[in-house]
Amino acid sequence: MAMAIRIRVLLLFLFFLSLSHPTFSLYQDQVGLMDWHQQYIGKVKHAVFHTQKAGRKRVVVSTEENVIASLDLRRGEIFWRHVLGSNDTVNELDIALGKYVITLSSGGKYLRAWNLPDGQMIWESFLPGSTASRSILSIPTNLKVGKDDLILAYGSGSLYAVSSIDGEVLWTKDLASEGIDVQQLIHRHGSNIIYALGFIGSSHFATFEINAKNGELLKHDKVRFTGGFCGDISFLKSDTAVALDSTRSSLVSVRFRDGEISIEQVHISDLLLDSSGVAAILPYKLIEMVAVKVKEFIIFVKLTNEGKFVVVGQIDHTAIISDSLSILEDQQAIALIQHGDNKIQLTVKLVSDWSNHLIKETSYMDCQRGLAQRIFLNNYVRTDRSSGFRALIVMEDHSLLLVQQGEIVWSREDGLASIVEVTTSELPLEKDSVSVATVEHSLLEWLKGHVLKLKGTLMLANPDDIAAIQKLRVQSSEKSKMTRDHNGFRKLIIVLTRAGKLFALHTGDGQIVWSVLLNSLRKSQTCEAPNVLTLHQWQVPHHHALDENPSILVLGRCGPNLDSPGVYSIVDAYTGKELNSVGPFHSIVQIIPLPHTDSREQRLHLLIDKDWHAHLYPRSPEALAIFQREVGNIYWYSVEADNGILRGHAAKENCILQLPDEYCFGTRNLWSIVFPSESERIIATATRKLNEAVHTQAKVVADQDVMYKYISKNLLFIATVAPQAAGDIGSVTPDESWLVVYLVDTITGRILHRMTHYGSQGPVHAVVSENWVVYHYFNLRAHRYEMSVIEIYDQSRADNKDVLKLVLGKHNLTSAISAYTRTEVVTKQQSYFFSHSLKAISTTSTAKGITSKQLLIGTVGDQVLALDKRFLDPRRTLNPTQAEKEEGIIPLTDSLPIIPQSYVTHALKVEGLRGIVTVPAKLESTTLVFAHGVDLFFTRLAPSKTYDSLTEDFSYALLLITIVALVVAIFVTWILSERKELQEKWR
Amino acid sequence: MDKGKAIMGSGRRWAVEFTDNSASPSSRDIPDPPGFTRSSHDQDDSSVSKQKKDSEANWKSQKAWEVAQAPFKNLMMMGFMMWMAGSTVHLFSIGITFSALWQPISALQGVGKVFEPYKDNKVDLLGPKLAYIALNLVGLGLGVWKLNSLGLLPTHASDWVSSLPPAQEVEYSGGGFPLF
């Protein structure tokens, strides 16, 4: 009997154990329930249409995110897409032989051919070369060497002839050694000669004639132009070019016919009466015409057969021009876009007949898309044999539109491919007044849904029902509601893109709730070259100002340098309205959100300018009072990677400026850590997230012992490498390479811990949370990537072990501590091999910090891997004791396991992964994960499973029916027993 | 349910009254057997009744001691069960531990009731009662010890600090690389 109990106990225990075993994988039918994935391509810079065949019409594009994609011309969907590496910029794109997409990338180093229908790579050629030059791709028609069609690629100063069949380099001609800076390759139809045209120095124009069969240099000519060239050139025909002289005030026509070069110069003021100032040739590929920007205008200049310049047209300089497109009967058409209020005007003209236009269409354009930036023109033949036109337009916010007959056929929000910064905002609270009709309707729907689910559970559902259940689950209206939910799963993800556009995405299904192109971050007279910096939560109302909407602070800078003036705007998080925008004002080097809010729940921020003045925002007397009260405890630090210095600062009295400003404070240097420049160079830093919640300061280890965590928000992890090891992996030997990591307290500048990894090298990715740091680097000796963990414990609290005192509360464990008390710390650390290289690393965060943590690792394969923090526990040993096993310590292994089921992104890829952001949900067990790169991915994670809620597919109907059935059964048996008793009594 | 309660509550359904001293035969249904004279029996001397009473008291005190020792067996059983349950926290060990705690407590609450039937002014119930209480206390102690060995008693420092929030920091610092 006892044995049986024991066995039963064991079985039960095993059952519980199997339940508690962490499995993060999800079933096939759970995909899309709480995750969404969006694919983007980025800002398009080249587009080649492929519409000849009757089949699927498509456009092949390359983008500034180094993406090559083939898009459906009808809907704008992606047929196929390839994301090249982050430094593999696409320079040129073309279609060869009607079936290959040819790309030239990395400054002319890689030539690749992709299959047009499905995007498979056919071949790749590496074109070596060291001199940097512009890269030119030319695909001549009907130029054959043997059976191969030739592809000409110019890059790194050499001309390469590549076979289009297998990518073999047939011949190479080094032109840079001849001194020519090639601007164009020209092949005349039917001949075997290739002309390479360009400048030698700044005052010579040269033509090189090269035999297409073998790359032999047949002839070269050069001509000197005394005015000198500025570099702008445009080729009108196969024998004519127009260049600008070095003063940018005259046009120079260059004709190279029959081996002779003739040059003629015309002053722009002769063409245009009012044309003082500099001109620029716009880099459009126009044929028989050149577009020159002079002051506020673009003029179109033609060259007559006699060599005379004629101005044919003149438009406003904001207009956008397409490359010229050959249409029927050898005509050339170009498209122009001019902007109006909320609309754009598309005009298509023939080059030969400038006074008329083929089409003139006005389409409405959302002002949040900004101005058009590029246009690609394509034509089609209408049923009446005339030409129709469609235009692919790239807008200021990087979105892509297809316009046909004045209508926007489709649009893509490709700005989302270049997210700079992410934050989140709560949704509005649900209003109490909900009409009865909707309740009844939803009740019916609810019941229906549950009956369906019940059918599914009881395996009574037919395939149609199963499909309906799946659809119901995926498209649940519950998850895309615009109000806050009880579990905190529904939020707004607010993202700032490189184009200066702010998007609010709904966590439920990824829809764009609002988007706004920030005016303060657009090009204007006051702000010539704006770029976006970051965004912060400005106002998060939850106690005092509940009737106000939360708002977001967006920072930008007018110019590329640190000392360029800054701008900021405050945007309402519910509506996307720009509430306030200021600037340009002082420069912004650093932003420090302070842990204080004013009575309207606006967070105080310090903006540090390049002179190390601290400017307080919001600029209100209340904020100033709060700041002045707290100023003694506010510090900041700066990391100067170039000088290898870490400095600590504190604010002092108001700064001395020409105009007195009471919101500006001077700062004084408190401490500095100088890393010796001959042996160390700073490559990475990491700090704890500001809003991270930590549940407890104690860690209970085996046999009920306690260790006190050193939990400080002011902990800075900083990694340095040997200067010679700052390059790529493999550039140094293990002996001359080392990696030093420091843990620094940023208040006092005290180094809490220092550790050297000899024979190791960056890049270092690190994450700091609670009292631990995990970092990833490369071990040159072992030829493997490693991950290390450092846990830091407070030794000075360790003797707080008297139970009686703790019971009576006679301890000082919760009293406020100062960094100046010099806490004694101990660290524990361990390293493990890890087989992947990393793109990003992050950790899960939950509302109260009770749930155990997982590391979220963005792998080189653009996936997100969840790795339990328990694997990175410095207390792991080879043979843990029974007590340690009970505590959950895993036996030590030399490498970290990669469990395929623990990929958060399951079968999907977040191409070009750049960042992983985690946000706690209101439900303690759950954290929201948002990964962004070229693609976006969102999901919910429960690192310790959802221990505090029922699962999604829990059948409430089944529960209800069971309860009802039980109640009925009780009544029936009661009645029966009563009856039986009565009969017994009568007997 | 009601029937059962009735049985348990009143205790008896029928009883034979051995100490019936009623003198009148008319009050009985059954006539006395031949040769039995009630009067002679009734006039039995006091020594017999005294003897009888003594034996009854003896019997009662014996019974009381038996009852007092009953928890000992229970104790052994409990100890065995606890050993079987092991030292990890799961459903069985918790169930056994709590029953081990509950039994002595409920027994201690009902000390008076348990010894009710043996109450007699001639019988000294103090000894059995004390033994009974002591044994139950031992049982209780065993339960508490088990609870502790399962780690369910807050006797360690870790039990009191594990939910302490981290201490507030006086200073605040921010910063990092220059923004780009």
For A:693-700, mean number of other protein chain Cβ atoms within 10 Å:
5
Once both label points are put 7 Å beyond Cα along the C-beta direction, the A:ALA907-A:LYS295 separation in nm becomes 6.3
What are the residues whose amide H is under 5 Å from the amide H of A:GLN184, where those residues sit 5 or more places off or on another chain and H is modelled from the backbone?
A:LEU197
The alpha-carbon center of region A:704-721 and that of region A:110-126 are separated, in whole Å, by 49
Cα gyration tensor shape of region A:589-660, rounded if a/c is under 1.5, else prolate or oblate by comparing a/b with b/c
prolate
Charge dipole (the protein assembly as shown, unit charges on Cβ, about Cα centre) - positive-most of B:SER149, A:HIS542, A:THR893
B:SER149
Along Cα→Cβ, 7 Å out, is where each label goes; now give me the distance between the ones at A:HIS189 and B:ALA15 in nm to one decimal.
12.9
Within region A:518-607, DSSP-loop GluC sites (Glu not before Pro) with at most 15 other C-beta atoms within 10 Å are A:GLU528, A:GLU548
Anything over 23 Å Cα to Cα? Flag those among A:LYS699/A:LYS853; A:LYS805/A:LYS869; A:LYS479/A:LYS853, in the order listed.
A:LYS805/A:LYS869; A:LYS479/A:LYS853
Going by Cα centres, region A:802-817 and region A:567-594 are how many Å apart?
44
So, with points 7 Å from each Cα along the Cβ direction, the A:GLU653-A:ARG979 label distance in nm works out to 9.9
Using the heavy atoms of the protein chains alone and a 1.4 angstrom probe, what is the accessible area of chain A per residue in square angstrom?
46
Karplus-derived 3J(HN,Hα) from phi for region A:843-859 (6.51 cos²θ - 1.76 cosθ + 1.60, θ = phi - 60°), whole Hz, x at Gly and Pro, runs 9, 6, 9, 10, 4, 10, x, 7, 4, 5, 9, 10, 8, 10, 10, x, 7
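Quick one: net charge around A:MET707, please, counting Lys, Arg +1 and Asp, Glu -1 for every other residue with C-beta under 10 Å from its C-beta.
Details: positive: A:LYS699, A:LYS709, A:ARG797, A:LYS828, A:ARG875; negative: A:ASP705, A:GLU791, A:ASP794.
Net charge in that neighbourhood comes out at +2.
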Using a 1.4 Å probe on the protein heavy atoms only, what accessible surface does A:SER262 show? Give it in Å² to the nearest 10.
60
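What do you get for chymotrypsin sites (Phe, Trp or Tyr not before Pro) in region B:35-144 restricted to DSSP loop and a cutoff of at most 10 other Cβ within 10 Å of the site's Cβ? The partial results should precede the final answer.
On the way: sites: B:PHE36, B:TRP59, B:TRP65, B:PHE72, B:PHE80, B:TRP83, B:PHE92, B:PHE98, B:TRP102, B:PHE115, B:TYR118, B:TYR132; in loops: B:PHE36, B:PHE115.
Qualifying residues, ordered by number: B:PHE36.
Among the GluC sites (Glu not before Pro) within region A:662-762, which fall in a DSSP loop and have no more than 10 other Cβ atoms within 10 Å of their own Cβ?
Values: sites: A:GLU662, A:GLU678, A:GLU680, A:GLU692, A:GLU736; in loops: A:GLU662, A:GLU678, A:GLU680, A:GLU692.
In loop regions of region A:662-762 (DSSP not H, G, I, E or B), the sparsely surrounded GluC sites (Glu not before Pro) are A:GLU678.
If you add up the charges near A:PHE585, with Lys and Arg at +1 and Asp and Glu at -1, over every other residue whose beta carbon is less than 14 angstrom from its beta carbon, what do you get? Working shown, then result.
Numbers: positive: A:ARG557, A:LYS610, A:ARG619; negative: A:ASP563, A:ASP609, A:ASP611, A:ASP661.
Value of the local net charge: -1.
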For a Förster distance of 30 Å, can you work out the FRET efficiency between the beta-carbons of A:ASP341 and A:ALA280, rounded to the nearest 0.05?
0.60
With angles folded into 0 to 90 degrees, how steeply does helix A:463-474 sit against the dominant principal axis of chain A? Use alpha carbons for both and round to 10.
90
Cβ charges +1 (Lys, Arg) and -1 (Asp, Glu), total dipole of region B:76-152, debye:
20
Cα-based helix-to-principal-axis angle, A:956-986 vs chain A, degrees rounded to 10:
30
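I need the Kirkwood Rh of the protein assembly as shown: take the reciprocal of the average 1/r across all distinct C-alpha pairs and report it in angstrom. Before the final figure, lay out each step's value.
Values: mean 1/r = 0.0267 Å⁻¹.
Kirkwood radius, the protein assembly as shown: 37.4 Å.
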Which order do the peptides A:814-825, A:482-493 take when ranked by the mean count of other beta-carbon atoms within 10 Å per residue, highest first?
A:482-493, A:814-825
Can you tell me the FRET efficiency between A:ARG914 and A:GLN52 if r is taken as the Cβ-Cβ distance and R0 is 25 Å, rounded to the nearest 0.05?
0.10
A:ILE817's amide H: which non-local residues (gap 5+, or another chain) put their own amide H closer than 5 Å, with H modeled 1.01 Å from N in plane and none for Pro or chain starts?
B:GLN168, B:GLU169, B:VAL170
Debye calc, one equal point scatterer per Cα of region A:233-317, no solvent, log10 I(q)/I(0) at q = 0.14 1/Å comes to -0.41
Give the angle, between 0 and 90 degrees and rounded to the nearest 10, that separates the Cα long axis of helix A:2-20 from the longest principal axis of the Cα atoms of chain A.
30
HN-Hα J in Hz across region A:880-891 - Karplus 6.51, -1.76, 1.60, θ = phi - 60°, x for Gly and Pro
x, 6, 4, 5, 5, 4, 4, 6, x, 7, 8, x
For region A:233-317, give the magnitude of the charge dipole about the Cα centre (Cβ charges: +1 Lys/Arg, -1 Asp/Glu; no others), in debye to the nearest 20.
180
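State, in square angstrom and to the nearest 100, the accessible area buried between chains B and A, both chains counted, probe radius 1.4 Å.
Result for this pair: about 4200 Å² buried.
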Amide H contacts of A:THR89 (H built 1.01 Å from N, under 5 Å, at least 5 apart or other chain)
A:SER106, A:GLY107
Under 12 Å from a label point 7 Å along Cα→Cβ of A:ASP611: give me every residue in region A:649-683 with its amide N that close.
A:655-661, A:664-667
What full-extension length gain, to one decimal in nm, is calculated for A:TYR820 and A:LYS308 as 0.36 nm per residue of separation minus the Cα-Cα distance?
176.3 nm
In whole angstrom, how far apart do the alpha carbon centroids of region A:910-968 and region A:723-757 sit?
40
Excluding same-chain residues fewer than 8 positions from B:LYS60, which lysines have a Cα within less than 23 Å of its Cα?
B:LYS50, B:LYS52, B:LYS73, B:LYS113, B:LYS119, B:LYS122, B:LYS129
When the Karplus curve 6.51 cos²θ - 1.76 cosθ + 1.60 is applied with θ = phi - 60°, which whole-Hz ³J(HN,Hα) does each residue of region B:155-166 get, with x for Gly and Pro?
9, 10, 4, 4, 5, 9, 9, 5, 10, 6, x, x
Would you work out the charge dipole size for chain A about its Cα centre, treating the Cβ of every Lys and Arg as +1 and the Cβ of every Asp and Glu as -1, and quote it to the nearest 20 debye?
1740
Under a Cβ-Cβ cut-off of 11 Å, what is the net charge of the residues other than A:LEU928 that fall near it, where Lys and Arg count +1 and Asp and Glu count -1?
+3
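Taking R0 as 35 Å, what's the FRET efficiency between A:SER796 and A:ASP894 from their Cβ-Cβ distance, rounded to 0.05? Numbers along the way, then the final one.
Numbers: r = 34 Å, r/R0 = 0.98.
For A:SER796 and A:ASP894, the calculated efficiency is 0.55.
The values are calculated or read from the model by the stated rules, or taken from the named source; none is laboratory data. In this text, all values refer to a predicted model and were calculated from it rather than measured experimentally. FYI the Cβ positions are ideal-geometry reconstructions off the backbone, even for glycines, and counts take in every protein chain you see. The protein model used for the area step is the full one, side chains on, heavy atoms only, and it has no ligands, DNA or RNA in it. Shrake-Rupley method; radii C 1.70, N 1.55, O 1.52, S 1.80 Å.
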